[in-house]
1. Would you mind working out the accessible area per residue for segment 1-81, using a 1.4 Å probe, and quoting it in Å²?
2. If we count every other residue with Cβ under 13 angstrom of GLY70's Cβ, Lys/Arg +1 and Asp/Glu -1, where does the sum land?
3. Let's test this: bin the Cα-Cα distances of segment 33-87 at 5 Å from zero up to the farthest pair and state each bin's percent.
4. Please report the net charge: other residues with Cβ closer than 15 Å to the Cβ of ALA31, K and R +1, D and E -1.
5. Name the lysines eligible as straight-distance cross-link partners of LYS14: C-alpha to C-alpha under 26 Å, and not fewer than 8 places from it in the same chain.
Amino acid sequence: MVTSDISNIVSFKKDDGNTYDFNDKYIGLKALDDNMFVFSVEAPQEIVGESMLFFESLKIFEPMSVDIGGTGDIRCYFKGVSPIVGKGPSIDGVSKNGFFTITLQELKPAVEDPEEDHVCVGCGFHNFTG
């Protein structure tokens, strides 16, 4: 049997130390262009309600971290959450599960000045005569 060091927990961490952990059975991930991550959450209403308290306390562009399976913190900006939508079977018109998305953008270091580390050896970069 193969064992893995990757856990089944996805942790969202505020810089003040407050965290919210999801079991990976409730969460999916889609990576988009520009270092954007969209986490989709489909979970029982109790978990959705608890998690929304955490995410609604964040401000847009607030720095935070996400750790997927204990692989290490990824520094991100919080970009927002979608409204909660009921999913799955319902009891008396209320869905047993809720669905919402969390959008984060990975923090990347600023692009360095291309001339800063440039070593010119008669290149066209500096020898343009147009």
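The values are calculated or read from the model by the stated rules, or taken from the named source; none is laboratory data. The model shown is predicted, which means the values in this text are computed figures rather than measured ones. Methodologically, a virtual Cβ is constructed for each residue, glycine included, from the backbone with ideal geometry; neighbour enumeration extends over all protein chains shown. Please note that ligands, DNA and RNA were not included when accessible areas were found on the heavy atoms of the full protein model with its side chains. Shrake-Rupley method; radii C 1.70, N 1.55, O 1.52, S 1.80 Å.
1. Working: 4840 Å² over 81 residues.
I get 60 Å² per residue for this part.
2. Values: positive: LYS13; negative: ASP5, ASP21, ASP24, ASP67, ASP73.
After counting each charged neighbour, the total is -4.
3. 4, 15, 24, 27, 20, 9, 1
4. Working: positive: LYS30, LYS79, LYS108; negative: ASP33, ASP34, GLU106.
Result for the local shell: 0.
5. Cα-Cα hits under 26 Å: LYS25, LYS30, LYS59, LYS79, LYS108.
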